[in-house]
Amino acid sequence: MKNFSFCNPVKLIMGKGMIASLKEEIPTDKKIMITFGGGSVKKNGVYEQVKEALSGHQTIEFWGIEPNPAIETLRQAIELGKKEKVDFLLAVGGGSVIDGTKLIAAGLKYEGDAWDLVLKGASYDCVPLGTVLTLPATGSEMNNGAVISRKETKEKFAFYSNYPVFSILDPEVTFSLPAHQVACGLADTFVHVMEQYLTKCGQSRVMDRWAEGILQTLIEIAPKIKENQMDYDLMADFMMSATMGLNGFIAMGVEQDWATHMIGHELTALHGITHGETLAMVLPGTMDILREQKGDKIIQFGTRVMGINSGIRDARITEIIRKTEEFFRSLGLRTRLSEAGVTMETIDEIERRFNERNVHFGEDGLVDGATARKILLRVFE
């Protein structure tokens, strides 16, 4: 186990009807800007619950943070927040709304263009923010990371700021989510865990078992959610899996990968494919191209999570990768680039971008432009 220092300050508030606790979590002397996505919260009752809970507070609203939040939209929110002298933010939505609001929080304290902060990679001088999660997937409700896009250049970069002060998770708000969003959220959560788990053996028994427990839970609940998305306990487990999958708890003292995510971000930036679905496409390719380096951990994953216990080593690894892709298929997701209209020109562009930035992703820094190309070709058709 590597040395580490760990602190996650987010107050997690979980359960039915807990949106009402907003009134106790935000001081009444704060001027709040509530940020939203496209309007689904007005159909599922979340908007009314939030407004009722904050009826004694001074609030303004900003609508329209899109999936894969764009700097072009977030600049408008920052301008409004500065004009209205906002000193608290409340993100009501999924990972995109929360990610975007993290940049807004930093942008409100910054005099220049907020894209500068994205290119810098981080800013910790921020207006405080809380969240009401409506779509489990990214874990953004309990971490300090975000991913911000720029439509003009079709770029997408990670950004880090302060953690939310609190996050409210009510499983009932997930009952009306579109099935595709749920599927992408399950895939996103699964790959978040794999990025922290599928590296090297023998680093930490505790982290391994914790990660394997989340992966087993996702595989168990996914088909049940498909049958009955209004099962409270199933959706509560989904929400908790997504939160625990990327809040730092399973990453303590272990190597991390994130190459699949970096490639997936490029596919989203260039083609607009939903983030979770890009991960379902890329992960099997990452596992296959790096089977020599990751082989021991792939075998452990297959044995403990997939129940694949026999066969010669290479055949077992192939079967484990096949079963992983089959899991994503069972969610109703595409797993081949050609299915999503990705072309060879896109693969060329991703290789070019990786080379231009001189990046080397993965726990051993092996995923450069050439390796990213091999991964993408592996899952092209």
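Numbers below:
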read-out: Alpha-carbon centroid distance for the pair the stretch 244-317 / the stretch 21-79, whole angstrom; value: 35
read-out: Acute angle (nearest 10 degrees) that the helix 275-289 long axis makes with the longest principal axis of the chain, alpha-carbon atoms; value: 30
read-out: The stretch 11-173: proportion of alpha-carbon pairs further apart than 26 angstrom, %; value: 18
read-out: Summed side-chain charge close to ILE60 - residues other than ILE60 whose Cβ falls under 13 Å, Lys, Arg +1, Asp, Glu -1; value: +2
read-out: For the stretch 150-222 and the stretch 80-113, distance of Cα centres in Å; value: 23
read-out: In sequence order, calculated HN-Hα J values of the stretch 219-231 (Karplus, 6.51, -1.76, 1.60; Hz; x Gly/Pro); value: 5, 6, 7, 4, x, 5, 5, 4, 7, 8, 6, 9, 7
read-out: Largest-first principal axis extents of the Cα set of the chain (Å); value: 66, 45, 43
read-out: Tensor-based shape of the stretch 308-362 (alpha-carbon gyration tensor, a/c under 1.5 rounded, otherwise prolate or oblate); value: oblate
read-out: Members of LYS85/LYS156; LYS120/LYS151; LYS11/LYS226; LYS120/LYS294; LYS2/LYS156 lying beyond 26 Å, as alpha-carbon distances in this model show; value: LYS85/LYS156; LYS11/LYS226; LYS120/LYS294; LYS2/LYS156
read-out: Using alpha-carbon coordinates, inclination of helix 179-197 to the longest axis of the chain, degrees; value: 60
read-out: Kirkwood Rh, Cα atoms: Rg over Rh of the stretch 99-174; value: 1.00
read-out: The chain, helix-only ellipticity at 222 nm - DSSP H runs n ≥ 4, -39,500 (n - 2.57), divided by all residues, nearest 500; value: -15000 deg cm²/dmol
read-out: Long-range HN-HN contacts of LEU90 with modeled amide H, under 5 Å; value: MET33, ILE34, THR35, GLY130
read-out: Rounded if a/c under 1.5, otherwise prolate or oblate - the stretch 235-381, Cα gyration tensor axes; value: rounded
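No value in this document is a laboratory result; all are computed from the given coordinates. In this text, all values refer to a predicted model and were calculated from it rather than measured experimentally. Don't worry about glycine lacking a Cβ; one is built from the backbone with ideal geometry, like all the others, and counts go over all protein chains shown.
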